[in-house]
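Note sheet for the following structure.
The values are calculated or read from the model by the stated rules, or taken from the named source; none is laboratory data. Just so we're clear, the structure is a prediction, and the values are computed from it rather than from any experiment. Cβ atoms come from the backbone with ideal geometry, glycine included; neighbour counts cover every protein chain shown.
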Amino acid sequence: MSQTSGMRQEDSLADLISDLKGLVVAYVRQRTVDPLKGLVRFVIAGVLGSVMLAVGLGTLLLAGLRFLQSGTGGAFSGQLSWLPYLIVAVVGIVVAAAAAGAAAKGRRSRR
């Protein structure tokens with residue numbers, strides 16, 4: 001009779017240890033792995049969005065340059081052939097500054 005009660009106690013101790021291990025693993029996963037998965041998805045979406053935005057803005061700036069060079073009826077020819085490049089560079093810098101300002105404003109408002 002004492003053997004059966006001893007085995008039950010060992011079985012319940014083994015069950016408790018197994019349950020404790022399961023709880024610890026679930027807790028660690030909940031506090032580390034799941035948030036990291038969400039963070040990775042967020043970073044991937046941000047990087048893809050940034051790349052697409054850069055390609056789109058680069059294409060628009062190039063289109064603006066080509067328009068200034070050929071679509072203005074020769075207004076920027078000869079000595080003024082450098083002016084379309086300057087105009088497009090200034091527009092690009094203004095767009096970059098506006099984006100940086102918006103990002104900084106967004107960070108300040110979240111704090």
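Numbers at a glance
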item	result
Tabulated pairs, region 37-59, first closer than 28 Å to TYR85 by Cα, second β-branched (Val, Ile, Thr), C-beta under 9 angstrom, 6+ apart or interchain	LEU57/VAL95
Scan of region 75-106 for residues that are in a loop (DSSP other than H, G, I, E, B) and surrounded by 10 or more Cβ atoms within 10 Å (Cβ to Cβ), ordered by number	ALA75, PHE76, SER77, SER81
GLY106 being modelled with pLDDT under 95 and either under 20 Å from GLY49 (Cβ atoms) or of a type outside the set (Ser, Thr, Tyr) (or both)	yes
Among (1) surrounded by 10 or more Cβ atoms within 10 Å (Cβ to Cβ); (2) among the hydroxyl-bearing types (Ser, Thr, Tyr); (3) in a helix (DSSP H, G or I), the one test that SER109 misses	(1)
Number of the exception - ALA54 against (1) assigned to a helix (DSSP H, G or I); (2) over 25 Å from ALA103 (Cα atoms)	(2)
Failed condition for THR72, given (1) within 30 Å of SER50 (Cβ to Cβ); (2) not small (Gly, Ala, Ser); (3) not in a helix (DSSP H, G or I)	(1)
Residue within region 42-59 that is farther than 21 Å from GLY92 by Cβ, of a type in the set (Ser, Thr, Tyr), surrounded by 10 or more Cβ atoms within 10 Å (Cβ to Cβ) and at pLDDT below 95 present	no
